[in-house]
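> My structure is below; once you've seen it, I'll send some questions.
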Amino acid sequence: MNLLVHGGIVVSDKVIFDGAVAVEGNRIVAVGDSSELRKRFQGFERVNAKGCAVIPGLVNTHTHAAMTVFRGYAEDLPLFDWLNKRIWPAESALTPRDIEIGAQLAAYESLLFGVTTLNSMYFYSDEGSELHAFEKAGIRATVGHGFFEKTVEAGLKITEEMARKWHGRDDGRLRVSVCPHAPYSTGPSSYKMAYELQKKLNSLYGEKGKIILHTHVAESREEASVVKEAFKVDVSGGVVVYLSRLGVLSRDLVMAHTIHLTEEDVRVMKMFDVKPSLNPVSNLKLGMGVADFIKLIGSGLTVSLGTDGPASNNTLDMFETMKIVPLLAKGLHGDPTLLPSREAFKLATEYGARALGYDDLGAIRPGYLADIVLLDLNVPHARPLHDIFAHLIYSARASDVKTVIVNGKIVVEDRKVVGVNMESFLEEVERVKDSLVSRIKGA
């Protein structure tokens with residue numbers, strides 16, 4: 001399918017009023033003035049973007065997509081109570097079907113919110129998984145099977161099988177990652193095995209796209225002491241320093257949360273070009289604290305944003321996340337000049353793509369993958385329009401998304417997911433939830 005998106009405000013390396021984007025196959029081939037591109041690409045299918053901002057799709061670099069099935073299930077609890085008393089016991093009742101439906105719901109929610117790429121960690125089965133769901137939904141995704149100390153051998157085997165079957169599928173739209181859960185739940189030898197598997201898989205399948213390592217780090221204040229007690233290891237200097245001593249840090253590692261870091265942790269992260277994914281909404285909701293966005297960005301790290309799972313956020317709304325990050329930075333530091341809108345926007349687009357190993361995603365440029373969002377500007381909260389980046393960060397709402405293109409294909413049109421009977425699907429979601437709750441109560 002070849003498309004010409006025309007007549008909108010194109011947010012590229014420069015802002016083009018009455019701009020256009022030409023898409024051939026799954027790539028952007030031209031960006032420019034509408035009048036010029038309409039002449040050059042006369043045979044392309046037209047997508048009228050009049051009254052819209054044309055932006056790159058948003059990139060959510062940390063979530064647990066299938067946990068939509070637990071949205072609102074475990075509320076107002078500290079992290080370890082939330083995990084140990086509610087979430088982990090409930091997850092033991094999950095079926096592959098539950099996971100697939102939950103992930104499908106997350107994909108539709110994300111697409112309708114202008115999110116075109118997810119980086120998700122959960123549980124895989126050939127019978128049903130996030131990958132099965134994302135293949136159907138048409139969203140771009142990197143997916144890993146989360147494993148713990150007690151499940152590491154099975155987890156590594158499953159990950160290897162996932163990579164063989166799924167990595168690079170649908171013109172590279174789907175990728176696989178290696179996902180040790182966290183230093184407090186996964187021991188030192190397990191991290192080393194995960195790192196070795198990542199290297200092996202990249203040697204086998206890396207030409208289809210980078211295979212990243214994805215893990216949680218420094219989410220809670222107690223994490224270092226919990227790690228020390230659980231595995232009898234040296235955590236002096238911080239949790240990241242501990243991981244560096246294991247030899248598992250690299251530029252292809254996404255660390256979710258990174259709130260409670262030492263100065264040495266940050267120095268080591270910079271040394272290895274580790275990619276922190278900040279999840280402020282979930283962190284605030286669980287009372288975990290606030291990452292020092294400004295220190296991490298100022299250190300030269302590629303910082304990106306995530307929502308975390310829908311059970312702890314409770315949405316997959318990256319517009320909300322984009323807004324709260326500069327607000328927290330400005331408010332906590334008492335400096336309104338920090339994190340200007342244009343830079344904040346990159347955290348949720350181009351920098352997110354880089355974190356996931358892409359060098360051709362997250363911006364509207366010729367040669368880049370065609371993940372594009374049309375955002376309605378004919379709404380009261382978008383007028384008057386002085387600064388498009390200020391609007392995108394502080395005024396825009398996820399509900400403003402009108403059209404979404406992923407990998408060159410229109411997947412949302414006129415605020416509806418193409419080819420999906422949403423009413424029927426949401427009824428299925430409720431049936432899955434009722435069955436799951438019944439099994440949890442009976443356990």
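> Taking helices (runs of 4 or more DSSP H) that do not extend beyond segment 244-362, which have at least 2 residues that are touching a residue at least 12 places away in the same chain (Cβ under 8 Å), surrounded by 19 or more Cβ atoms within 10 Å (Cβ to Cβ) and among the aliphatic types (A, V, I, L, M)?
Details: elements: 263-272, 280-285, 293-298, 318-333, 341-347, 350-355.
Fully inside segment 244-362 and qualifying: 263-272, 293-298, 318-333, 341-347, 350-355.
> For segment 109-130, what are the residues that are closer than 25 Å to Glu423 by Cβ and buried (at least 24 other Cβ atoms within 10 Å of the Cβ)?
Those that are closer than 25 Å to Glu423 by Cβ and buried (at least 24 other Cβ atoms within 10 Å of the Cβ): Ser110, Leu111, Phe113, Gly114, Val115, Thr116, Leu118, Glu130.
> Let me ask you something else. Please work out if Ser236 is over 23 Å from Gly155 (Cα atoms), surrounded by fewer than 22 Cβ atoms within 10 Å (Cβ to Cβ) and at pLDDT 95 or above. Even if it seems obvious, please write down each step before you answer.
Working: over 23 Å from Gly155 (Cα atoms): yes; surrounded by fewer than 22 Cβ atoms within 10 Å (Cβ to Cβ): yes; at pLDDT 95 or above: yes.
Taking the combined requirement at face value, the residue satisfies it.
> Quick test for you: out of Ser236, Ser220, Ser177, Ser203, pick the one residue that is farther than 21 Å from His64 by Cβ, outside any helix (DSSP H, G or I) and not charged (D, E, K, R). Please lay out each step first, then the result.
On the way: Ser220 fails: farther than 21 Å from His64 by Cβ; Ser177 fails: farther than 21 Å from His64 by Cβ; Ser203 fails: outside any helix (DSSP H, G or I).
Within the list Ser236, Ser220, Ser177, Ser203, the selection yields Ser236.
> Just to be sure before I move on: is Ala154 more than 18 Å from Leu356 (Cα to Cα), small (Gly, Ala, Ser), in a helix (DSSP H, G or I) and without any contact (Cβ under 8 Å) to a residue 12 or more places away in the chain in the structure I sent? I'd like the intermediate steps shown before the answer.
Working: more than 18 Å from Leu356 (Cα to Cα): yes; small (Gly, Ala, Ser): yes; in a helix (DSSP H, G or I): yes; without any contact (Cβ under 8 Å) to a residue 12 or more places away in the chain: yes.
So Ala154 fits the description; yes.
> Can you tell me how many residues in segment 86-129 are of a type in the set (A, V, I, L, M, F, W, C), touching a residue at least 40 places away in the same chain (Cβ under 8 Å) and over 22 Å from Thr321 (Cβ atoms)?
Of the residues in that region, 5 qualify.
> Where the second residue is among the basic types (Lys, Arg) and assigned to a helix (DSSP H, G or I) and the first is assigned by TED's automatic domain parsing to the domain that holds Val240 and lies in segment 165-184, which pairs have Cβ atoms under 7 Å and are six or more apart or on separate chains?
Qualifying pairs under 7 Å: His167/Lys208; Gly168/Lys208; Gly172/Lys208.
> Within segment 31-48, can you find the residues that are surrounded by 16 or more Cβ atoms within 10 Å (Cβ to Cβ) and either of a type outside the set (Ser, Thr, Tyr) or within 12 Å of Ser12 (Cβ to Cβ) (or both)? Write out each step before concluding.
Applying the first criterion (surrounded by 16 or more Cβ atoms within 10 Å (Cβ to Cβ)) to segment 31-48 yields 31-32, 34, 37-38, 41, 44, 47.
Within segment 31-48, Val31, Gly32, Leu37, Arg38, Phe41, Phe44, Val47 qualify.
> Cβ contacts < 7 Å: first residue closer than 13 Å to Ile372 by Cβ and not assigned by TED's automatic domain parsing to the domain that holds Gly51, restricted to segment 10-33; second residue surrounded by fewer than 19 Cβ atoms within 10 Å (Cβ to Cβ) and of a type in the set (S, T, N, Q), any location; separation 6+ or different chain. Result?
none
> Could you look through segment 1-31, keep only residues that are of a type in the set (Asp, Glu) and part of a strand (DSSP E or B), and pick out the one that is nearest to Arg46 (Cα to Cα)? Lay out the reasoning, then the answer.
Taking segment 1-31 as the starting set, the residues that turn out to be of a type in the set (Asp, Glu) are 13, 18, 24.
Right, trim to part of a strand (DSSP E or B) and you get 18, 24.
Numbers: Asp18: 14, Glu24: 12 Å.
The residue in question is Glu24.
> Which one is farthest from His333 (Cα to Cα), of the residues in segment 255-313 that are of a type in the set (Ser, Thr, Tyr) and out of contact with any strand residue (DSSP E or B) (no Cβ under 9 Å at 6 or more places or on another chain)? Don't jump to the end; show me each part of the working.
Initially, segment 255-313 is screened for residues of a type in the set (Ser, Thr, Tyr), giving 258, 262, 277, 282, 299, 302, 304, 307, 312.
Subset that is out of contact with any strand residue (DSSP E or B) (no Cβ under 9 Å at 6 or more places or on another chain): 262, 299, 312.
On the way: Thr262: 18, Ser299: 16, Ser312: 26 Å.
By that ranking, first place goes to Ser312.
> Also, I was wondering about something else. Could you say whether any residue in segment 99-111 is in a loop (DSSP other than H, G, I, E, B) and in the same structural domain as Thr63 (by TED's automatic domain parsing)? First the steps, then the outcome.
Initial filter on segment 99-111 (in a loop (DSSP other than H, G, I, E, B)): none.
Scanning segment 99-111 turns up no residue that is in a loop (DSSP other than H, G, I, E, B) and in the same structural domain as Thr63 (by TED's automatic domain parsing).
> Another question, if that's okay. Just one of the numbered conditions (1) assigned to a helix (DSSP H, G or I); (2) in contact (Cβ under 8 Å) with a residue 24 or more places away in the chain; (3) crowded, with 16+ Cβ neighbours inside 10 Å is not true of Leu83; which one?
Answer for Leu83: the failing condition is (2).
The values are calculated or read from the model by the stated rules, or taken from the named source; none is laboratory data. Please read all numbers here as calculations on a predicted model, not as lab measurements. As a convention, Cβ positions derive from the backbone with ideal geometry for all residues, glycine included, and neighbour counts pool all protein chains shown.
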